[in-house]
Amino acid sequence: MKIGRVLAALGVGILASMAPAPARAADVATIDGAPLRLDITETSLLSWHWDNRNYLTYDDNYGEWLNHFNVSLAWKQWQAGVRFDTATYAHTESMAGAPPQDRSILPYHFRDQYTVAPGVPSKMYLTYVSPDLEVTIGDSYVAFGRGLVLSIRKVDELAVDTSVQGVKVVGRLAPFTLTGVAGLSNPVRIDYASGGTLRDPDPNVVGGPRVEWTRDAIVGARAEAKIGTATVGVHGADVIRDRSGWPSPFNGYNWNTYPGGPYADTPTLKAKQIQSVGGSIAIPRLSDKIPLNIYAEWALQNRVSWEDVAAPESGARARGVAAYGALSYTAGSVSMTLEGKHYRGFYPVGANANTNYYSDFTKAVTYNAPPTVELITQDSLFDDSCTTGGRGRVDVQATKDYAMYASAAYFANWGEQPGLSTVCYQGGGFGLTHVYDPATDVQTAKPERNDIVDGYVGVQMSTPDRDATLLATAGARRDTKAQGAGPGEGDFYREDFLMFDAMKMLNADWSIELQGWHRKRYELDHGWFEGEDYLTFKRGSQQAYFIGHEYSSDPAKVKPYAFLATATMQHYLNAGAQFQFGEAWQVRLFVGQQRPALKCVAGACRFFPAFEGARAEVVYRY
């Protein structure tokens, strides 16, 4: 659905463009009768940050230069590539002059660096590809099925690029396909939105060497077989943590009092090993008479706790189960889709890092991606580890130029409400037992349930000659407490929203486009409005000029009577342009403000702080 791409562009802005476009290929030599093809792309992002009015000072009035240099070679069945990433900062806040609230954050931000080590590539690979065999040494991406067990990928919209650095092998011998991968996690080390660095802090600043994050060893394998039109697969993965060199409190470590205490609410971060197995079946068409597409996947997760963790998980508490299914059916102009999920104690597996200091990374860097059964940009999914529900959608192509769609969903969720650390695991009855508090090892009643109802309707239309188009979606979400709520106390979260994308050709070269997303939101004890509109003038792919307006009345984001603010509403204005000069040069310019927001893509999320300043991005393809 196009609106998903629109929202990603609106929300992430210029940052999403940091992934370079495919470079021009140049034949630099002929070896053994085959051309040697060279691609080189360099992307530089220059920014100056003004005061973004968020009551902090460490992220104000500084400059940054982020540079990405990519080189790739291709010859016959061989491909090779390296990428160097560097970050340079200017006029950043010093520890000596920083207010107390900034001093714990600064050691983890704004450090001039190669993102790995001086002279060491961020990514590097050598690949051999043939019809029956693929071998990659170095960095590779991998996904088994829909991602319940293993999904390590690049998400440009969030500036996330995590790979496995090691060996990946794919072998094909009809009707079988075998995939194996082994190596170390290799996430991008810089959060381009906040300046955070996934790197141990400067020992001169924090009083000596300190290890606060480590790479994880990852091993996975999948075997699949083609049986008629169906594909059946089984797979497994093992994530092995390393904490050697971490602070001394790890000897007799109490996960609930050490600064890494948030780990107590993240079972996969308390574990030294996360083992997962699963399987899938895909039937693209049940039969010629029944054009039903079927997909199903299941997975089991087992977490092995560190020996010195307070109240370590064991038995049923250490296990999770997940099941996902999808059906789709098309009859003439009508298409129907039904998706469902059932997750019990099945937790996301992410970077092995102290969440107090690396929160910029711990939600975005993940090694699995259980389907959310939500809109791809859903940012109000507060828990996806203890839930059961499904979503249906109907699309109707009424005419060649007019289509309608509607979707409705219901989910029961036991992991959203704050309080005791909710450990939801497979047990008797419907697979839900009790709340477990690891600090006291106390077991109490079942977690309280939330009922979530979500739906939207939309239209897509165009003129016969396609010189004008409209895509509009309106929807609502209600997340209510099912138990223990008095009159008027049952609302946990609610939202009404409108998204649209309208385009009109002005002449043979120029077009105008208006995109918007407007939301009325309420969470726990307060409500607010937020949204954005962007107006863009385009001349094909050569030029684009835009102006934008964003706003929020969230009390946490409003600095009363500051620039562009009233007592209850904060406004953000911006403008920019993009130019394409032949095939070699691309330039993007941005000036103004953007509101802070949590951005999500298919369950992976990253917080983008408020921005006020100017950016210039230059992409050059040699």
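The values are calculated or read from the model by the stated rules, or taken from the named source; none is laboratory data. All values reported here derive from a predicted model rather than from experimental measurement. Don't worry about glycine lacking a Cβ; one is built from the backbone with ideal geometry, like all the others, and counts go over all protein chains shown. To get the accessible areas, we keep the full protein, side chains included, count just its heavy atoms, and leave off ligands, DNA and RNA. Shrake-Rupley method; radii C 1.70, N 1.55, O 1.52, S 1.80 Å.
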task: Look at segment 516-554 and say how many of its residues are part of a strand (DSSP E or B) and over 30 Å from Lys481 (Cβ atoms).
output: 17
Out of Asp525, Asp554, sole residue that is at pLDDT below 95 and either open to solvent by less than 70 Å² (accessible area, probe 1.4 Å) or small (Gly, Ala, Ser) (or both): Asp554
- prompt: Which one of these is modelled with pLDDT under 95, surrounded by 16 or more Cβ atoms within 10 Å (Cβ to Cβ), closer than 30 Å to Val459 by Cα and among the hydrophobic types (A, V, I, L, M, F, W, C): Leu420, Leu381?
  reply: Leu381
message: Within segment 152-168, does at least one residue satisfy the condition of being open to solvent by less than 10 Å² (accessible area, probe 1.4 Å), at pLDDT 95 or above and more than 15 Å from the chain's Cα centre (by Cα)?
response: yes
task: State whether the residues of segment 585-606 include one that is more than 28 Å from Arg494 (Cβ to Cβ), modelled with pLDDT of 95 or more, of a type in the set (Phe, Trp, Tyr) and surrounded by fewer than 20 Cβ atoms within 10 Å (Cβ to Cβ).
output: no
task: Evaluate segment 359-376: report whether one residue or more is touching a strand residue (DSSP E or B) at 6+ places or on another chain (Cβ under 7 Å), at pLDDT below 85 and either surrounded by fewer than 18 Cβ atoms within 10 Å (Cβ to Cβ) or aromatic (Phe, Trp, Tyr) (or both).
output: yes
message: Can you find a residue that is touching a residue at least 40 places away in the same chain (Cβ under 8 Å) and surrounded by 20 or more Cβ atoms within 10 Å (Cβ to Cβ) anywhere in segment 398-405?
response: no
- request: Find all pairs meeting these conditions: Cβ atoms under 8 angstrom apart; at least six residues apart or on different chains; first residue within segment 331-356 and on the phi > 0 side of the Ramachandran plot; second residue open to solvent by less than 10 Å² (accessible area, probe 1.4 Å) and in a strand (DSSP E or B).
  value: Gly345/Gln301; Gly345/Gly320; Gly345/Cys386
message: Take Leu73 and tell me if it is under 30 Å from Ala565 (Cα atoms) and in contact (Cβ under 8 Å) with a residue 12 or more places away in the chain.
response: no
Single unsatisfied condition, Asp451 versus (1) assigned to a strand (DSSP E or B); (2) open to solvent by less than 20 Å² (accessible area, probe 1.4 Å); (3) modelled with pLDDT under 95; (4) not basic (Lys, Arg): (2)
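Being farther than 28 Å from Gly63 by Cα, among the acidic types (Asp, Glu) and loosely packed, with under 15 Cβ neighbours inside 10 Å: is that true of Glu530 here? Show your work before the answer.
Numbers: farther than 28 Å from Gly63 by Cα: yes; among the acidic types (Asp, Glu): yes; loosely packed, with under 15 Cβ neighbours inside 10 Å: no.
Criteria not met by Glu530.
Of all residues in segment 506-517 being touching an Asp or Glu at 6+ places or on another chain (Cβ under 8 Å) and open to solvent by less than 50 Å² (accessible area, probe 1.4 Å), which is farthest from Gly490 (Cα to Cα)?
Glu513
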task: Taking only segment 535-548 into account, find how many residues are open to solvent by less than 60 Å² (accessible area, probe 1.4 Å) and touching an Asp or Glu at 6+ places or on another chain (Cβ under 8 Å).
output: 4
- prompt: For His571, all conditions in the list (1) at negative phi; (2) open to solvent by less than 40 Å² (accessible area, probe 1.4 Å); (3) not aliphatic (A, V, I, L, M) hold save one; what is the number of the exception?
  reply: (2)
query: Which of (1) open to solvent by 50 Å² or more (accessible area, probe 1.4 Å); (2) more than 26 Å from Asp379 (Cα to Cα); (3) outside any strand (DSSP E or B) does Ala562 not meet, given it meets every other one?
result: (1)
message: Checking the conditions here, which among Ala403, Ala409, Ala353 is of a type in the set (A, V, I, L, M) and modelled with pLDDT under 95?
response: Ala353
query: Is at least one residue of segment 320-340 open to solvent by less than 30 Å² (accessible area, probe 1.4 Å) and assigned to a loop (DSSP other than H, G, I, E, B)?
result: no
